[in-house]
Structures are given as structure tokens and as C-alpha cells.
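Structure first, commentary second.
The values are calculated or read from the model by the stated rules, or taken from the named source; none is laboratory data. None of the values given here were measured: they were computed from a predicted structure. No Cβ is skipped: glycine too gets one built from the backbone with ideal geometry, and neighbour counts run over all protein chains shown. Side chains are part of the model used for accessible areas, which takes the heavy atoms of the whole protein and leaves out ligands, DNA and RNA. Shrake-Rupley method; radii C 1.70, N 1.55, O 1.52, S 1.80 Å.
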Amino acid sequence: MAQRILFATMPFDGHFSPLTGIARHLKDQGHDVRWYAGPSYAKKLADLGVPHVPFRRAREVSGENIADLFPARAGLKGPKLLSFDLEQVFVANVEHHYRDILEVNETFPFDALVCDPGFYAAHLIAAKLNPRVYTIGVGPLFVLAYDPPPFFGLKPARTIVDKLVHRVVRALLNGTMKQGVKTYNTVLALEGMPPVAVGDFFELTRKCATYYFQSGVPGFDYPRRSLPANVKFVGPLLPNRKATVLSTELQDKLRQYRSVIVVSQGTVDNTDAEKLFVPALEALKGGSHLVVATTGGKNTDELRRRFPEANVVVEDFVDFDLLFEHADLFICNGGYGSILLALSHGVPIVSAGTREGKNDINARIDYFGFGVDLKTERPTPEKIGTGVTRVLGDKRFAQNVERIRAEFGTYHPLDLVDRFIAEGGLDEPSSVGASHTYQMAV
């Protein structure tokens, strides 16, 4: 039976793009799908064929304008950055999101809300409007009460010292969240709702959800004793894509080289080319690998002038789904979606990045032996070169990546999500909960 489904996401590509495949699929199944999003997503939603419900009261704070709106943010890191983003980016707009969606519901009384984990207005919407809520995990699974290490790129504890460090970091994390949670509780009080504890805040959009669909597979999650019943791994949720082809010029280049390295600095953190593009191209220019760098439309001409070497290709955009079929290595800054796409094609990774949760993604790359974590925002050409040599020279990386690729292949994400939403639940696929077999000491 057709349902009225409202999507709602924070205005960041990493929160928006993984949900586009689901939205298009549900629309194609006959559901009435609409999307509450910031004004900068109007064209993307038009291209997707999904009606755009724009922010009205809410201010769009996106990857494109956050540096201009909050210039001091660039100097923050670690707990201070987390505290700032929680209050100014995620909590500050909660009441506006909630009021907007109350108004939307008057003309579009939706049966279900599909949102990303950072859309914290979902907690109020679930309580006041009582729709079914489906939250899409667009980053590494973070469930506080079920054994994971805390944020900041930590790995599972193996020693007493590790456990002590985790305890200290959790206490520090709770301290950084206090002001943001206090502001959030002020909004709840206005609606006559009880306050939430600091330690429960990051799980709000999981706890209010009928199901929490986690993009990825158990083999890319740290070992756990158990999971909440509403958490369902569904395989890699990748963006909706239109049929496309690689340019003739690029295809010719690909035939000239035995190995291909793809370089990306993401779709948001790609303004400063000196962070990753320049050191990566410096490390690899004139070498035996074809290096394809995709800029997202920023600094393309400058990089082409600076790196005219025959083995370097710099493009605004290239379809990664096609390009990764030829790739031997992916150098990136740790975006979750592009990491999953690379792994789904069996491509190992050299990753740099420590901000916006990328250190947690990159720590997993290292922990499972899917590549090398450079553990910095600004790697040197030498460090990148060493990482490339290490990954391409050790067969164990390719073997581990091939295992996770095979696990990805056992999932059919859109069908799983559709069945959960349409049927109200089903038994988990036999592959869910598969053992973790990818840890490698390298």
C-alpha cells in the first residue's frame, strides 16, 4: 500500500546523498515521497524527481557556507570542535526544523519520516506526531551502550590502559556535550517533554526509530557482544546515480597504464587543495601510476597548470562507480560514502583526515587492514608516498578488501529497506551478524 513518506536531512552531502537511492527507490515503488531540505538541495531533488520541501524557519548551515558563517571554527579541533558543531550546527536549528515539519504535516500528513542521525528534531516529531521513524546511519555505527570505543579515532580496547583511556575520553566527551544538550533540553521543555541525559543524546535518533538502517556491513563495524533490536545492517547505501560513461580521453589514458590511483578530497572539504590534492600529486607525478584527481569543481584549472605531467588527470567530476572498476588504490580524506563505494569495488585505501568524524572512519580502515590511516589532516608527499608503497606492496590489504567486498555482495540494500518499511519488519538476512574476520596486523 502506498505511503506518504517525508525525508528530512541536515544540509551536508554526507547526510543527504546516501538517502537519495532509497528515496528514488521508494518513489518508483509508488509511494508519495517528499524531502525537507535546505535551499541548496533544490536542484539535486529536482534531478532526483522528488518534490522539495524547503527550510522556512531553519537556517541552512552547510559545508559550503559554514566557514563563512563561523570563521573561528577553522581553529577548533577535538572536543572544542565537537562542542561547537553540536550546539551551533545541529542543535541551534532543532526548534526551527520541528516547527517547519509541524507545518508540513498540515498539508502532507506523512506516515513515515526518514532522516539521518543528526536530524535531532526527529525526537520531537516522533513524540508529537507519532509517525514511523526510520533513521539511516550515514557514518560508522555508534551505539554507546554496546561496547564501542568513544569518538576521536579510538579503536577497541585491548589492555587495561586502553580501557582507562576510553573511560577518560567518554568523560571528556560528556563534558563537551553539556552546553549543546542544555540548549536541546530547553526546546524539549517548551514542548512539555522531559529532558534527555547527556549520555543519551547521540542515540536519540536511534531510540525514536522503528528501525535504524545502518549503511555498511558487520565486517566494517567493531566487534560487539550485541546490538539493539532495531538496528539493521543493510549493506552500503550509495547515492542514486544516472547512467553515464567515462570520457574517451580518460578511457584512452586508462589503457596506457597498468595501475590507477584515484585521489579525492571530498565534496565539502575540497577548497584548500594544499591539504591532500597537492601533496598526493607531488608524491605521484611522473610515476608509473595513472593518477586521477577529482576536485568537485574547485581548483581544477590551477591543479592542471601545476601538474602537467602525462600521468596526472585532473577533472571536476568523474563517475566513481565506473572509475573504481579500474582503480588499484584510493587516496581520500575519509568520507564514509566514498570509502564504502571504494571497498564495494575491492579498492584499498590510503586515507588522511581527522575532523568531522573522519578519524573514526579512518581508524576502522587501519583496524581491519583495508588500507593505511595517515592520521593527519595535512599529510606530506613523503607520507603519502610511503602509504601508497605499503598498500600496493602488501597482498594482505587486497585480500582483506576482497573479503569485505564479498560481504557487501550478500546485501541488497534498497530491497531490504523497502521490505522493512513496507512490511513493518522481517527476519534478518542470514549474513547479518556475520563474524568479524578482517583484523590484520600490518
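Residues of segment 192-234 being among the acidic types (Asp, Glu) and open to solvent by less than 40 Å² (accessible area, probe 1.4 Å), which ones? Selection gives Glu203, Asp221. Are any residues in segment 34-74 among the aliphatic types (A, V, I, L, M), within 21 Å of the chain's Cα centre (by Cα) and closer than 16 Å to His96 by Cα, and if so, which ones? Ala37, Val61 - these are the residues of segment 34-74 that are among the aliphatic types (A, V, I, L, M), within 21 Å of the chain's Cα centre (by Cα) and closer than 16 Å to His96 by Cα. Filtered by the rule that a residue be in contact with a helix residue (DSSP H, G or I) (Cβ under 7 Å, 6 or more places away or on another chain) and either part of a helix (DSSP H, G or I) or open to solvent by 10 Å² or more (accessible area, probe 1.4 Å) (or both), segment 322-337 gives His326, Asp328, Asn333, Gly335, Tyr336, Gly337.
The sole residue among Thr354, Thr295, Thr380 that is open to solvent by less than 30 Å² (accessible area, probe 1.4 Å) and not charged (D, E, K, R) is Thr295. Which pairs do you get when a residue that is aromatic (Phe, Trp, Tyr), found in segment 320-343, comes within reach of a residue that is assigned to a helix (DSSP H, G or I) and crowded, with 22+ Cβ neighbours inside 10 Å, reach meaning Cβ atoms under 7 angstrom, with the pair 6+ apart or on two chains? If the second residue must be assigned to a helix (DSSP H, G or I) and crowded, with 22+ Cβ neighbours inside 10 Å, the pairs left are Phe320/Ser338; Phe324/Ala342; Phe330/Ala342; Tyr336/Gly14; Tyr336/Ile361. Do we have any residue at all in segment 58-77 that's over 25 Å from Glu356 (Cβ atoms), of a type in the set (A, V, I, L, M, F, W, C) and touching a residue at least 24 places away in the same chain (Cβ under 8 Å)? No: zero hits.
So that you can scan it fast, the table gives a plain yes or no per residue for (1) within 13 Å of Met177 (Cα to Cα); (2) touching a Pro at 6+ places or on another chain (Cβ under 6 Å); (3) crowded, with 17+ Cβ neighbours inside 10 Å:
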site: Ala67; (1), (2), (3): no, no, no
site: Pro71; (1), (2), (3): no, no, no
site: Leu76; (1), (2), (3): no, no, no
site: Leu81; (1), (2), (3): yes, no, yes
site: Gln88; (1), (2), (3): yes, no, yes
site: Val91; (1), (2), (3): yes, no, yes
site: Tyr98; (1), (2), (3): no, no, yes
site: Ile101; (1), (2), (3): no, no, yes
site: Ala112; (1), (2), (3): no, yes, yes
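Has segment 334-356 got at least one residue that is at negative phi and of a type in the set (Asp, Glu)? Checked segment 334-356: no residue is at negative phi and of a type in the set (Asp, Glu). Could you please let me know if Lys275 is open to solvent by 20 Å² or more (accessible area, probe 1.4 Å), basic (Lys, Arg) and closer than 16 Å to Ser351 by Cα? Yes.
Selection of segment 181-211 for residues being free of Cβ contacts under 8 Å to residues at least 12 places away in the same chain and of a type in the set (Val, Ile, Thr) yields only Thr186. Kindly indicate the residue of segment 122-156 that is open to solvent by 40 Å² or more (accessible area, probe 1.4 Å) and small (Gly, Ala, Ser) and also farthest from Leu26 (Cα to Cα) among those meeting that condition. Taking the candidates together, the pick is Ala145.
Within this structure, Ala189 fails the test of being closer than 20 Å to Cys208 by Cβ and surrounded by 22 or more Cβ atoms within 10 Å (Cβ to Cβ). Annotation: of all residues in segment 298-319 being touching a residue at least 40 places away in the same chain (Cβ under 8 Å) and not polar (S, T, N, Q), the one that is most open to solvent (accessible area, probe 1.4 Å) is Glu315.
Residue-by-condition table, conditions (1) among the charged types (D, E, K, R); (2) modelled with pLDDT under 95:
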site	(1), (2)
Ser83	no, yes
Val94	no, no
Glu106	yes, no
Phe110	no, no
Pro149	no, yes
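Can Ala46 be described as open to solvent by 60 Å² or more (accessible area, probe 1.4 Å) and not basic (Lys, Arg)? In short, yes.
Residues of segment 28-39 that are open to solvent by 10 Å² or more (accessible area, probe 1.4 Å) and at pLDDT 95 or above: Asp32, Arg34, Pro39.
Tell me yes or no: at least one residue of segment 249-264 is closer than 30 Å to Ile421 by Cβ and either touching a Cys at 6+ places or on another chain (Cβ under 9 Å) or not in a strand (DSSP E or B) (or both). No, there is no match, as no residue in segment 249-264 is closer than 30 Å to Ile421 by Cβ and either touching a Cys at 6+ places or on another chain (Cβ under 9 Å) or not in a strand (DSSP E or B) (or both). On the stretch given as segment 149-180, residues that are under 20 Å from Arg224 (Cβ atoms), free of Cβ contacts under 8 Å to residues at least 24 places away in the same chain and basic (Lys, Arg) total 4.
Residue count for segment 359-377, restricted to those that are within 21 Å of Phe408 (Cα to Cα), outside any loop (DSSP other than H, G, I, E, B) and open to solvent by less than 30 Å² (accessible area, probe 1.4 Å): 9.
From the residues in segment 388-398 that are touching a helix residue (DSSP H, G or I) at 6+ places or on another chain (Cβ under 9 Å) and open to solvent by less than 40 Å² (accessible area, probe 1.4 Å), which one is nearest to Pro279 (Cα to Cα)? Among them, the one singled out is Val388. Could you tell me which residue of segment 338-356 is nearest to the chain's Cα centre (by Cα), considering only residues that are closer than 16 Å to Asn270 by Cα and in a loop (DSSP other than H, G, I, E, B)? The selected residue is Glu356. In segment 390-442, of all residues being assigned to a loop (DSSP other than H, G, I, E, B) and more than 18 Å from Val217 (Cβ to Cβ), the one that is modelled with the lowest pLDDT corresponds to Ala441.
Looking across segment 295-344, the residues that are of a type in the set (Ser, Thr, Tyr) and either over 30 Å from Ile136 (Cβ atoms) or at pLDDT 95 or above (or both) come down to Thr300, Ser344.
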